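Down below is the structure, laid out as structure tokens.
None of the figures in this text is laboratory data; all of them are computed from the coordinates on show. Note that the structure is predicted; figures quoted are calculated from it, not measured. Here Cβ is always computed from backbone atoms with ideal geometry, including for glycine, and neighbour counts include all displayed protein chains.
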Amino acid sequence: ALGFAGVEYVNQFFLDKAEDDAYLDKMNAAAKKAGVEQLLIMVDGEGGLAETDSTVRIKSVENHEKWLKAAQKLGCHSIRVNCFGVGEKTAVQKAGIDGLKRLSESAAKKDLNVIVENHGGYSSDGLWLSEVMNQVNMPNCGTLPDFGNFCLEREDGKMWGTPCLKWYDKYKGVEDLMPFAKAVSAKSFNFDEDGNETDIDFHRMLKIVKAANYTGYIGVEYEGEDLAEEEGIIKTRELLIKAGQLV
């Protein structure tokens, strides 16, 4: 009804269903009926893949295995993971390289990709994450650049929910991550009377995306508070189409 050809899932909506074949069969049937392609599963709550404690990190890798199986059953191309870890920047980077390699090796056996979003902490530093990708250096390990999510530091040291104190330049960030992109998320918050995002130049973003020769789907993600969810989604899609026609 909203005119989309593909869908991306968030595991938080079916946390206890990853290994429930009957439920996944229903998802397959619903997607087929709607005529949409099931693209990826965004996985949260299964642990950071850049935890510096190797025991904790390996447990996080193991926690993601069931989502690889679910993604395979749904015909997705990827699972989106979090390259989170607590500690010094270089140590967390080294741990993230190890965690992603381990999970990507498993994913390769299922013809799946493991992709990392700029999603808080060090992962919102485009250079940091692009260096992780360079070091992992596996064809099925990539990124999911998000037009937002480039906050490097928040009040009280929180990952989410408090005002941002320090930002990474979002245009440079997307440019840093696009060479590794296997999905893209068009984040929006607020719109002006002409339908343009007030804080993110979608035309500039799409020029960056196109310059990287990306030809995959661009996901729509509305995170504003002024519009109803469906209205925000439609406005974001319309802006993407309008900006894309100018690129």
Task: Counting all C-alpha pairs of segment 1-111, share separated by more than 17 Å (%) - done: 55
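Please give the FRET efficiency for CYS164 paired with ASP20, using the beta carbon to beta carbon distance and R0 = 51 Å, rounded to the nearest 0.05.
Once the sixth-power term is evaluated, E becomes 0.85.
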Task: Most fluctuating residue given options PHE84, PHE189, PHE147, as computed from a GNM of the chain linking Cα atoms under 10 Å - done: PHE189
Task: Isolated Cys residues of the chain, judged by Cβ distance under 4.7 Å to other cysteines - done: CYS76, CYS83, CYS141
TODO: Once you have all Cα-Cα distances for segment 78-214, histogram them in 5 Å bins from zero and send the whole-percent values.
DONE: 2, 11, 20, 22, 19, 14, 8, 3, 1, 0
Task: Of GLY232, GLY173, GLY126, the one that fluctuates the most in a GNM where the chain has Cα springs shorter than 10 Å - done: GLY232
Task: Distance violations [Cα-Cα > 32 Å] among LYS172/LYS242; LYS69/LYS242; LYS166/LYS210; LYS26/LYS172; LYS101/LYS158; LYS73/LYS166 - done: LYS69/LYS242; LYS26/LYS172; LYS73/LYS166
- [ ] Have a look at LEU68, LEU227, LEU152 and tell me which one the Gaussian network model of the chain (Cα, springs below 10 Å) gives the largest fluctuation.
- [x] LEU227
Task: Cα pair distances exceeding 26 angstrom across the chain, given as percent - done: 39
Open item on the list: From Cα pairs below 8 angstrom and at least 6 apart in sequence, can you work out the relative contact order of segment 186-230, rounded to a whole percent?
Closed with: 52
